[in-house]
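Take a look at the structure below.
The values are calculated or read from the model by the stated rules, or taken from the named source; none is laboratory data. None of the values given here were measured: they were computed from a predicted structure. Cβ coordinates were reconstructed from backbone atoms using ideal geometry, including for glycine residues, and neighbour counts include every protein chain displayed.
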Amino acid sequence: MAITFVLFTGQRCFGYKAVEHGKVAFPLAARAERSLAEDADSPFMSCRFAIVEDCAEERGLYVEYLTSACRLRCVSAYPNAEQALREIPSKRPDVVLMDLGLPGMSGIECAQRLKRFLPKVRIVMITGVAKLDSAKESAEKGADGYVTKPFSMKELREAIRFALAGGVPVSRSIWDQFAEPPAYSAKPDPALVKRLTPKERKLMELLDAGLSYKQLADRLEIRLGTVQQHLHHIYKKLSVPSRNEAVNKYFGRMGADPSST
């Protein structure tokens with residue numbers, strides 16, 4: 001079963017489709033031109049939510065913002081999973097904001113059990129754990145979103161909007177880990193391979209996969225300026241002026257349309 005992940009950034013949303021096991025396919029749409037406020041007003045404005053968060057200060061902050069600024073209805077708030085499991089099913093909220101690291105039962109296990117009672121409830125994990133394995137496990141156990149701390153109140157609001165609209169809100173820190181490059185079908189020109197260092201060869205593979213310069217820096221664990229230095233050396237070694245021409249020449253596609261890479 002395919003899962004639609006929605007990455008939210010500011011007032012624009014980007015939709016992507018990820019197949020089973022977290023392997024990423026191609027973007028469903030490059031950009032949704034409508035603002036988030038236009039996507040799910042009706043279900044959002046009538047939203048009833050519950051929250052499970054052991055930190056009293058954070059719990060109170062979220063409730064205060066969502067009820068006063070967003071005018072949503074908080075049906076219950078709990079410091080632990082055990083109490084939440086006893087009471088949330090009878091409250092029947094539309095959305096549950098679930099902390100991952102709770103005392104006693106974990107938020108993931110709580111989410112799994114809640115889904116048995118309330119299969120239609122949307123559960124959004126809110127956590128300081130920015131690990132792909134945790135996000136995948138949460139999704140497998142029934143969570144409908146994974147938002148990492150620290151996040152702004154605006155981001156929390158938009159995560160709820162998307163969850164209610166049927167999307168899966170995922171923070172940038174998690175999405176970047178999902179966005180692994182696909183398997184490479186093209187083989188580089190052996191003569192050109194010899195001209196490049198191992199790191200430059202790796203960078204060329206990632207360029208061919210379509211990663212941005214920022215994603216290249218994150219993946220190779222180097223600074224953005226270092227990426228640009230590597231690219232300058234690559235262009236010089238391959239005698240090309242740009243990224244597209246470098247990729248086409250390196251992978252033997254000089255006749256291809258540069259915009260296709």
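Brief remarks follow.
- When Ala139, Ala84, Ala143 are checked against the criterion of being without any contact (Cβ under 8 Å) to a residue 60 or more places away in the chain and assigned to a helix (DSSP H, G or I), Ala84 stands alone in meeting it.
- Pick from region 78-115, criterion closer than 19 Å to Arg48 by Cα and among the acidic types (Asp, Glu), ranking: surrounded by the fewest Cβ atoms within 10 Å (Cβ to Cβ): Glu87
- Scanning region 202-240 for residues that are within 22 Å of Asp189 (Cα to Cα), among the small types (Gly, Ala, Ser) and surrounded by 15 or more Cβ atoms within 10 Å (Cβ to Cβ) gives a single hit, Ala209.
- Within region 45-77, being within 13 Å of Ile126 (Cβ to Cβ) and among the β-branched types (Val, Ile, Thr) holds for Ile51, Val52, Val63.
- Region 241-256 residues that are farther than 14 Å from Leu206 by Cβ and among the basic types (Lys, Arg), paired with ones that are assigned to a helix (DSSP H, G or I) and at pLDDT 80 or above (beta carbon under 8 Å, 6 or more apart): Lys249/Leu192; Lys249/Leu238; Arg253/Val247
- Count of region 128-159 residues which are under 16 Å from Val52 (Cβ atoms) and in contact with a helix residue (DSSP H, G or I) (Cβ under 7 Å, 6 or more places away or on another chain): 9
- Filter result for Arg31 (among the basic types (Lys, Arg), at pLDDT below 95 and closer than 19 Å to Val121 by Cβ): no
- Among residues of region 87-124, those that are of a type in the set (A, V, I, L, M, F, W, C) and assigned to a strand (DSSP E or B), counted: 6
- Conditions (1) modelled with pLDDT of 75 or more; (2) under 26 Å from Gln177 (Cα atoms): number failed by Leu7: (1)
- The one condition in (1) aliphatic (A, V, I, L, M); (2) within 25 Å of the chain's Cα centre (by Cα); (3) at pLDDT below 95 that Ala69 fails to fulfil: (2)
- Which numbered condition Arg73 fails, given (1) surrounded by fewer than 17 Cβ atoms within 10 Å (Cβ to Cβ); (2) free of Cβ contacts under 8 Å to residues at least 24 places away in the same chain: (2)
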